[in-house]
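Contents: one structure, followed by commentary.
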Amino acid sequence: MSEKKTILVISDHPLAPSGVGTQTNYIIQTLLRTGRYRFICLGGAVKHQNYQPQNIQGDAWDDGDFVVHPVDGYGNADIIRSVLWTEKPDMLWFMTDPRFYNWLWQIENEIRALVPMVYYHVWDNYPPPKFNAKWYNSTDVIASISKVTHDIVSQVAPDVENHYIPHAVNGEIFRKLDSEVIEEFKNTNFPDHNDRMIFFWNNRNARRKQSGTLINWFNKFAERVGPDKVCLIMHTDPKDPNGQDLEVILKDYDIADGRIVISRNKMPAEGLALMYNMADCTINISDAEGFGLATLESLSCGTPIIVNMTGGLQEQVTDGEEWFGIGLEPSSKALIGSQTVPYIYEDRLSEEQVVGALERFYNLSQEERDAMGEKGMAHVQANYNFEDFTARWVELVDDIVERLGSWENRKGYKAWELKEAM
């Protein structure tokens, strides 16, 4: 490839702090560093102050190689048509839940005749969604973020090229830090919590994350062991319109006494690494979770986790033999759905399970917690390391560009099929 290939990306804004945005940014910067690619991104899923194109600069790529166009939602068919014919990209790469992309697959015959469509796929749970088959079969290549997702795609659309490429963390940032650094950070930011066991929750305050439920159950745990002995730090927006008003819960439950602390200020990755290192345990009790990046970051820092055994969380907490925290099997599986997602399991935990897990962890010795943390770090380094993640994406994209081509050299796609008459 002598000239740079252009990739059109549709995703969360690649500078957004969401898991989708973070992973998109990792992939883009990885491919930029090869010197063989440039990117035009439709940056969605955030509220924009203005809609002017953003030229993202960096030392490892040329000016103009990483341009983000802010869009509402994830764009629309007319935007895609315009970019296709003005920029003539060599690939369309898109990520997140398929319910956001029905409009895109509806014009796949226009897109795939010119360029391959590559989908980094997020799906949370069983049963296998047969209603997604038409979308999977309208895609050239699917990369699945978890073992659950990979298995689901294999069952629903066995003829579609499907790769398991899980999320990864940057081990240069999310790593175990010196105790002196952590103590200084803790004394500066949480001086009243030096003698408490700290549990950390880093999520969006949204319904499926069970933020209000966690406050309620953690409070019951705190009452059992002593409210002055434990603390839950919730790094989130307590006023997120998609979630509950967490400040009202703390006030009305009369528990704004330090046992639960809201950390609302946005932090860079290095700041989050300090938080994970300061915590004794990171918790996620979501009833649905495609992967769960926060708990993976926590393990990378040597901090064990307590998680619901749902989605990608279950492959983080155990490798099938060792455990890197406490995994909780759902107490019930509610089959929920909507007009766009007719059915999917919602994995629910019980109060007894979660409070019991918090107590179990609290009663572990320091040596047992340290051993969990060490094993968790090794698990991340072996299976979710940044080096393998970036190498696999470079290898896959290089292969797709060469093998499937684009425009005049497009291969592997037919806009028609022969069917036997009934």
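Bear in mind these aren't lab numbers, they're just calculated from the coordinates by the rules spelled out. It should be emphasised that the depicted structure is a prediction, and the values quoted were computed from it without experimental measurement. All Cβ positions, glycine included, derive from the backbone under ideal geometry; neighbour counts span all protein chains shown.
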Margin query: Using only the alpha-carbon atoms of the range 329-422 as identical scatterers, what base-10 log of I(q)/I(0) does the Debye formula give at q = 0.14, 0.22 Å⁻¹?
Written below: -0.96, -1.04
Notebook entry, point to check: What ratio of Cα Rg to 2.2 N^0.38 Å holds for the chain?
Noted result: 1.03
Next item on the list: Please arrange Phe185, Phe386 by counting, for each residue, the other beta carbons lying within 10 Å of its beta carbon, fewest first.
Entry: Phe185, Phe386
Checklist line | Ranking of Ser11, Ser350 by count of other Cβ atoms within 10 Å, fewest first | finding: Ser350, Ser11
Check: Among the DSSP beta bridges whose two residues both lie in the chain, what percent are antiparallel, rounded to the nearest 5?
Finding: 15 percent
Notebook entry, point to check: Which of the GluC sites (Glu not before Pro) found in the range 318-347 are loop residues per DSSP with 14 or fewer other Cβ atoms within 10 Å of their Cβ?
Noted result: Glu321, Glu322
Check: Summing -39500 (n - 2.57) over the DSSP H runs of n ≥ 4 in the chain and dividing by its residue number, what mean residue ellipticity at 222 nm do you reach, to the nearest 500 deg cm²/dmol?
Finding: -10500 deg cm²/dmol
Next item on the list: Report, by chain and number, residues whose modeled amide H sits under 5 Å from the one on Ile305, excluding near sequence neighbours (fewer than 5 apart, same chain).
Entry: Thr282, Gly325, Ile326
Next item on the list: Provide the per-residue ³J(HN,Hα) series for the range 238-247, in order, calculated from phi with Karplus coefficients 6.51, -1.76, 1.60 and θ = phi - 60°, each as a whole number of Hz, with x at glycine and proline positions.
Entry: x, 10, 4, x, 8, x, 8, 7, 5, 5
Check: Within the range 179-383, what percent of beta bridges assigned by DSSP are antiparallel, to the nearest 5?
Finding: 25 percent
Notebook entry, point to check: Which of the peptides 118-124, 131-137 is most tightly packed, and how do the rest follow, going by the mean number of other Cβ atoms within 10 Å of each residue?
Noted result: 118-124, 131-137
Check: In the calculated pair distance distribution of the range 179-383, what percentage of Cα-Cα distances lie above 24 Å?
Finding: 38 percent
Item checked: the range 262-275 - phi-based ³J(HN,Hα) in whole Hz, Karplus 6.51/-1.76/1.60, Gly and Pro as x -> 9, 9, 9, 6, 5, 10, x, 4, 5, x, 5, 4, 5, 5
Check: Angle between the Cα long axis of helix 19-32 and the longest principal axis of the chain, 0 to 90 degrees, nearest 10?
Finding: 50 degrees
Check: For helix 366-383, what angle does its Cα long axis make with the longest principal axis of the chain, in degrees from 0 to 90 and rounded to 10?
Finding: 0 degrees
Notebook entry, point to check: From the phi of every residue in the range 4-9, what ³J(HN,Hα) in whole Hz does the Karplus formula 6.51 cos²θ - 1.76 cosθ + 1.60 yield, where θ is phi - 60° and glycine or proline is x?
Noted result: 5, 8, 9, 10, 8, 10
Item checked: Cross-link table Lys209/Lys375; Lys134/Lys239; Lys47/Lys186; Lys186/Lys333; Lys5/Lys375, entries beyond 30 Å C-alpha to C-alpha -> Lys134/Lys239; Lys47/Lys186; Lys186/Lys333; Lys5/Lys375
Notebook entry, point to check: Within the range 278-315, what residues put their amide N at less than 19 Å from the label point 7 Å along the Cα-to-Cβ vector of Glu184?
Noted result: 278-279
Check: Helix 147-156 versus the longest principal axis of the chain: what is the Cα-based angle in degrees, 0 to 90, to the nearest 10?
Finding: 40 degrees
Checklist line | Relative contact order %, the chain, counting alpha carbon pairs below 8 Å whose residues are six or more apart | finding: 14 percent
Next item on the list: Taking H placed 1.01 Å from N in the peptide plane, check which residues at least 5 places from Asn205 or on another chain put their amide H under 5 Å from its amide H.
Entry: Asp237
Next item on the list: Mind giving me the FRET efficiency for Gln106 and Trp323? R0 is 45 Å, r the Cβ-Cβ distance, nearest 0.05 is fine.
Entry: 0.50
Item checked: 5 angstrom amide H check on Leu42, placed H, neighbours 5+ away -> Val9, Ile10, Ser11, His69
Notebook entry, point to check: For the range 87-210, what class follows from the C-alpha gyration tensor (a ≥ b ≥ c being the square roots of its eigenvalues): rounded when a/c is under 1.5, otherwise prolate if a/b is larger than b/c, else oblate?
Noted result: prolate
Next item on the list: Please sort 364-376, 93-105, 290-302, 20-32 by packing, taking for each peptide the average over its residues of neighbouring beta carbons within 10 angstrom, highest first.
Entry: 290-302, 20-32, 93-105, 364-376
